[in-house]
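Structure first, commentary second.
The values are calculated or read from the model by the stated rules, or taken from the named source; none is laboratory data. Since we're looking at a predicted model, the values are computed, not measured. Positions of Cβ are backbone-derived with ideal geometry, glycine not excepted, and every protein chain shown enters the neighbour counts.
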Amino acid sequence: MSGLRASTEISYWSASAMPASPMPRLEGDLQTDTVIIGGGYTGLSAARDLARSGVDTLVLEAKSFGFGASGRNGGFVSTRFRIPFSRMATDHGQDVARRMYDIGQEAADHVERTMGELTSPECGYARYGAVTAALNAHHLQTLDAGRALLERAFGDRSLRMLSRGEIAEECGSERFVGGMLSTRSGGIHPLNYVRVLTKDLRAHGVPMFEDSPATAIRHQSGGVLVQTPAGTVRARRAIIGTNAYSETTSATDPLGRRVVPLQSACIATAPLPDALLARLIPRRRLVFDSKRVLRWFRIVADRMVFGGRGESGAGGSDAAYRRLYANMVEIFPELAGVAIAYRWSGHVAMTLDTLPHVGWLDDRVLYAIGYNGTGVAMASLLGTYAARLSRGERIDLGLLGAEAFRPIRFHALHVPVGRAVTGWYQLLDALGR
């Protein structure tokens, strides 16, 4: 493991991002129609939708814009949920499964449309396609069954099974027995996506404040009063998009008790030689493996970026980074000894049903939250859904509504329980189950 050299947490995305526009801290008292709490994809997408509809809005961010998962993820623009559509159909019926499928497609289309509207080459967005790489014959059979269902039930012909030889060519690795290619998925520079959205909102006159955590939300006649350390905002309604960082303050903690924040870790290599880059993921696909404790990887510029769950959920520990490095070398032996230039981690918001949710917390506060590690596209879409709901629109939310989204009992146990579950999944993965 001589190649694992980075000793401090520095994100490749932050090191390679376009400059951030400085944002003020909220000081004093303001009034608006809708106040948005959270400066990631959810809040920024909600603000963009409202501003384009002529609704006065402003955005409060506790740290800096993109500080949370929106600036730390792998940049996968995916149509997937963690629950297979076959299980949705069995448990909830074909119509519900079809609606969920449509939402997934809409989420990826939403990001692509936004990129087209903003003409932002800094985001590096493209529909590279995503590969799910099967580690054994059972996983491959499961993938093919899911592909067949989507083609039969929904007419989806964007998925193609890959042989052992084809997956080796796509991924540059002999580790997998086959896989499945989804041509509708894309990749993006996640932090630049945040910064392009903030730039667009500022250009349209939306007030934006960082270092301004919402410390309290109080109901008042005709609306809400949101307090921050140095100011207040009076508004008719609020939208919360704080996801895995909802426990940061008591104002958003009611949502924090509905998700389990687990850490995920990422590493990025030093620049790789051209000859090696030509062999590793030559079409720049985004790759997931078929483990329960997901590993993912992609080539960005001239580096391998590799991520996944940490050591039994301990995302930012040295052990987690060593494990990721070992996982990378297992898949790509030619990367043994390659230096790791960047390593970083962040929180992923998991829900008990492994689905995100959007809706009303009460009659004045909305939320969109709980992306379970697949939030680039879904957070962008559900932010706009929250904005539309705030304007009184009716939306078929499928399984993503608020009805079954309740506080988690014994939430204080979420860290040890989450680590235990992750450890159990790691054991099943090791056994090839």
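For this structure, a couple of remarks:
- Condition check for residue 82: surrounded by fewer than 21 Cβ atoms within 10 Å (Cβ to Cβ), part of a loop (DSSP other than H, G, I, E, B) and within 14 Å of the chain's Cα centre (by Cα): yes
- When 316, 359, 398 are checked against the criterion of being in a loop (DSSP other than H, G, I, E, B), touching a helix residue (DSSP H, G or I) at 6+ places or on another chain (Cβ under 9 Å) and either over 17 Å from residue 265 (Cβ atoms) or at pLDDT below 95 (or both), a single residue qualifies: 398.
The rows are residues; the columns are (1) within 28 Å of residue 247 (Cα to Cα); (2) crowded, with 16+ Cβ neighbours inside 10 Å.
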position	(1), (2)
69	yes, yes
78	yes, yes
90	no, no
95	no, no
107	yes, yes
115	no, yes
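- In the range 104-115, the residues that are among the polar types (S, T, N, Q) form Cβ pairs under 8 Å with partners that are surrounded by fewer than 21 Cβ atoms within 10 Å (Cβ to Cβ) and not in a helix (DSSP H, G or I), at six or more places apart or across chains, as follows: 105/184.
- Residue that is surrounded by the fewest Cβ atoms within 10 Å (Cβ to Cβ) [pool: residues in the range 26-40 that are charged (D, E, K, R) and out of contact with any Ser or Thr (no Cβ under 6 Å at 6 or more places or on another chain)]: 27
- Residue in the range 291-313 that is surrounded by the fewest Cβ atoms within 10 Å (Cβ to Cβ), counting only those that are touching a Gly at 6+ places or on another chain (Cβ under 8 Å) and at pLDDT 90 or above: 300
- Pairs linking a residue in the range 227-242 that is of a type in the set (S, T, N, Q) to a residue that is crowded, with 22+ Cβ neighbours inside 10 Å and in a strand (DSSP E or B), with Cβ atoms under 7 Å and 6 or more positions apart or on different chains, are 228/60; 232/226; 242/37.
- Taking residues in the range 135-156 that are more than 13 Å from residue 97 (Cα to Cα), and partners anywhere that are assigned to a helix (DSSP H, G or I) and among the polar types (S, T, N, Q), the pairs with Cβ atoms closer than 9 Å and at least 6 places apart or on different chains are 145/86; 156/105.
- Residue 410 being closer than 22 Å to residue 260 by Cβ, surrounded by 21 or more Cβ atoms within 10 Å (Cβ to Cβ) and either at pLDDT below 95 or among the aromatic types (Phe, Trp, Tyr) (or both): no
- Checking 133, 145 one by one, the residue that is buried (at least 21 other Cβ atoms within 10 Å of the Cβ) and in contact with a helix residue (DSSP H, G or I) (Cβ under 9 Å, 6 or more places away or on another chain) is 133 and no other.
- Tabulated pairs, the range 116-129, first within 13 Å of residue 200 (Cα to Cα) and among the aliphatic types (A, V, I, L, M), second modelled with pLDDT of 95 or more and buried (at least 21 other Cβ atoms within 10 Å of the Cβ), C-beta under 6 angstrom, 6+ apart or interchain: 118/196
- Checked against (1) touching a residue at least 60 places away in the same chain (Cβ under 8 Å); (2) under 30 Å from residue 338 (Cα atoms); (3) surrounded by fewer than 22 Cβ atoms within 10 Å (Cβ to Cβ); (4) not basic (Lys, Arg), residue 211 passes all but a single condition, namely (2).
- Close contacts from the range 196-208, counting a first residue that is closer than 25 Å to residue 13 by Cα and a second that is in a helix (DSSP H, G or I) and of a type in the set (D, E, K, R), with Cβ to Cβ under 7 Å and a gap of 6+ residues or different chains, come to 196/122; 197/48; 200/48; 201/48; 208/202.
- Residue in the range 49-59 that is among the acidic types (Asp, Glu), without any contact (Cβ under 8 Å) to a residue 40 or more places away in the chain and either in contact with a Lys or Arg (Cβ under 6 Å, 6 or more places away or on another chain) or outside any helix (DSSP H, G or I) (or both) present: yes
- Only one of the numbered conditions (1) surrounded by 18 or more Cβ atoms within 10 Å (Cβ to Cβ); (2) modelled with pLDDT under 95 is violated by residue 3, and that is (1).
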